[in-house]
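As C-alpha cells, the structure follows; a few thoughts come after it.
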Amino acid sequence: MTISSVPRIVVVIGSQKGRSDKSRRSALRSLLSISTKRVENVFPNFQTLDFQDWEFPLFEGFQPHETGAPSVEYAYDAIRNASGILFGIPAYWSSISGPFKNFIEVLSGPAYDLPYPQRTVFFGKKVGICVVGADALSAARGVIQANDLVCQLGMFAVGEAVCIGNPRDDSFSFEAAIDKTVALIAELAMSVALDCREKSP
C-alpha cells in the first residue's frame, strides 16, 4: 500500500448536482466543504474528488487502467496515494446513488479478474462514511450499503457513519450535521496521522 509521507485524506464528493446548472446547490457538497475547512487548522492536507468537476466513464467490466480515461487515472492515483478517504455519498430511493457505485466499480474493476483475496486500489485504506439521503430511509439504507462496500473492498471504517435524512426537512439542523461530520473527519485524521507516525523511520 502506497502512502505519502505527509498524511492526506481524499474527500470523495459523490454528488453530481451543479454539473449542468451551477446554481443548483448540493447539501452534501456544502456539508463536506464546511466541515473540512473547520479541521484544516490541525489537519491541512485534503484532496477533493468532486463528481461535479469531471466526467467519469460508465463501468463496462474493464480493469481501471483499461478504460484509457484520464479522469480514471487521476482518481486512481489519488486513492492509491491517500492515507485515508472520506466517502460523501448521496442516497435516493433506498440506495446509494448510481454515480457513486459506478465510481467504485470503475476504480475496482470486476472482482473475478483479481487474485484472492480481491485487492483493489481501496484495499487496506481507512475510510469515514457520510451519507446524505433524500429521506431518512434512503440515508439509513445507504449507510448499510456503504458499509457493505467498505467490507467487500477490504477497507477499514473509522468512527460512526454520518447518516443524514432529508436536509430540506424543517427539523433538519445543518449545524448539528456539521458537528457530526467534523467529529468523523477529526477521528479519521487522527487515525491516519498515527499510522503515518508509526510508519516513519
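Values in this text are rule-based calculations from the coordinates and carry no lab data. A quick note: this is a predicted structure, and the numbers were derived from the prediction, not measured. Every residue, glycine among them, receives a Cβ derived from its backbone with ideal geometry; neighbour counts consider all protein chains shown.
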Exercise. Please report, in Å, the Rg and the Dmax of segment 9-199, where both are computed over Cα atoms only.
Key: 16.0, 49
Quiz prompt | Contact order normalised by residue count of the chain, Cα under 8 Å, 6+ apart, percent | solution = 25 percent
Quiz item: How do 151-157, 123-129 rank on mean C-beta neighbours within 10 Å, highest first?
Solution: 123-129, 151-157
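Based on DSSP, what percent of beta bridges with both residues in the chain are antiparallel, to the nearest 5?
On the way: 2 of 25 bridges.
DSSP beta bridges in the chain are roughly 10 percent antiparallel.
Mean residue ellipticity at 222 nm from the helices of the chain, using -39,500 (n - 2.57) per DSSP H segment of n ≥ 4 over the full residue count, to the nearest 500 deg cm²/dmol? Before the final figure, lay out each step's value.
Numbers: 5 runs with 78 residues, N = 201.
After summing the helix terms and dividing by the residues of the chain, the value is -13000 deg cm²/dmol.
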Practice problem: Determine, for 196, 130, the number of other Cβ atoms within 10 Å of each Cβ, and report the residues in order from fewest to most. | Solution: 196, 130
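Considering only segment 1-96, what is the antiparallel percent among its DSSP beta bridges, to the nearest 5?
Counting only bridges with both partners in segment 1-96, antiparallel ones make up about 15 percent.
Can you check how the C-alpha radius of gyration of segment 127-201 compares to 2.2 N^0.38 Å, as a plain ratio? Numbers along the way, then the final one.
On the way: Rg = 14.5 Å, N = 75, 2.2 N^0.38 = 11.3 Å.
Scaled against compact globular proteins, the figure is 1.28.
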